[in-house]
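The values are calculated or read from the model by the stated rules, or taken from the named source; none is laboratory data. This is a predicted model, so every value here is computed, not measured. Because the Cβ atoms are built from the backbone with ideal geometry, glycine has one as well, and the counts that use them run over all protein chains shown.
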Amino acid sequence: MCEILAVSSGGGHWQQLQLLSKAFDGKKVVYACSSDVGDASIIRLPDCNMRTPWRLIITAIAAWKLVRQINPDTVVSTGAAPGVLVLITAKLHRRRTVWVDSIANTERMSLSGRLARSFSDLWVTQWPQVSHRSGAVYLGAII
């Protein structure tokens, strides 16, 4: 069993997850990403979004298999859709879940973030004004 399964899409979501990794020091962490980030130890998830319904199904199945295989205590995601699907799966397996919305969302939570709310034990924004509007927790920004 790993302590933390850290999941994101590629690009900025991945960069933010990497910045969060300092908080995971001393923990057994497994990383998963929907993009090739050039590290063979990172588990690759299929990418998807709301405009690709068949890929959503494929990614949901992969998320289910990932959570069953890794058996984490906690799942942390910085988004986007693949991260939400892993978070939902983890919650169904009664694991702790943490959503950290992208710093790019300065006015409101992202669509993925809004979907993740019901499946997050800790639902975090990186903007105080978004916290006031959405009810998400503001703990500071990671960038």
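To keep it simple, each residue is scored yes or no on (1) surrounded by fewer than 18 Cβ atoms within 10 Å (Cβ to Cβ); (2) among the hydrophobic types (A, V, I, L, M, F, W, C).
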| site | (1), (2) |
| --- | --- |
| Thr52 | yes, no |
| Ala62 | no, yes |
| Val75 | no, yes |
| Lys91 | no, no |
| Val98 | no, yes |
| Leu122 | yes, yes |
- Item | Pair list, Cβ < 6 Å and 6+ apart or interchain, from the stretch 35-59 residues that are under 17 Å from Leu111 (Cα atoms) and aliphatic (A, V, I, L, M) to residues that are surrounded by 13 or more Cβ atoms within 10 Å (Cβ to Cβ) and at pLDDT 95 or above | Leu56/Cys48
- Residues in the stretch 70-89: is at least one of a type in the set (Ser, Thr, Tyr), over 21 Å from Gly12 (Cβ atoms) and within 15 Å of the chain's Cα centre (by Cα)? yes
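Looking only at the stretch 9-47, how many residues end up being part of a helix (DSSP H, G or I) and under 14 Å from Ser77 (Cα atoms)?
Step one: list which residues in the stretch 9-47 are part of a helix (DSSP H, G or I), which gives 12-24.
Then keep just the ones that are under 14 Å from Ser77 (Cα atoms); that gives 12-21, 23-24.
Residues meeting the conditions: 12.
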- Check whether at least one residue in the stretch 1-24 is farther than 19 Å from Ala62 by Cβ, in contact (Cβ under 8 Å) with a residue 40 or more places away in the chain and charged (D, E, K, R), and report yes or no. yes
- For the stretch 29-69, the count of residues that are among the hydroxyl-bearing types (Ser, Thr, Tyr) and more than 13 Å from the chain's Cα centre (by Cα) equals 4
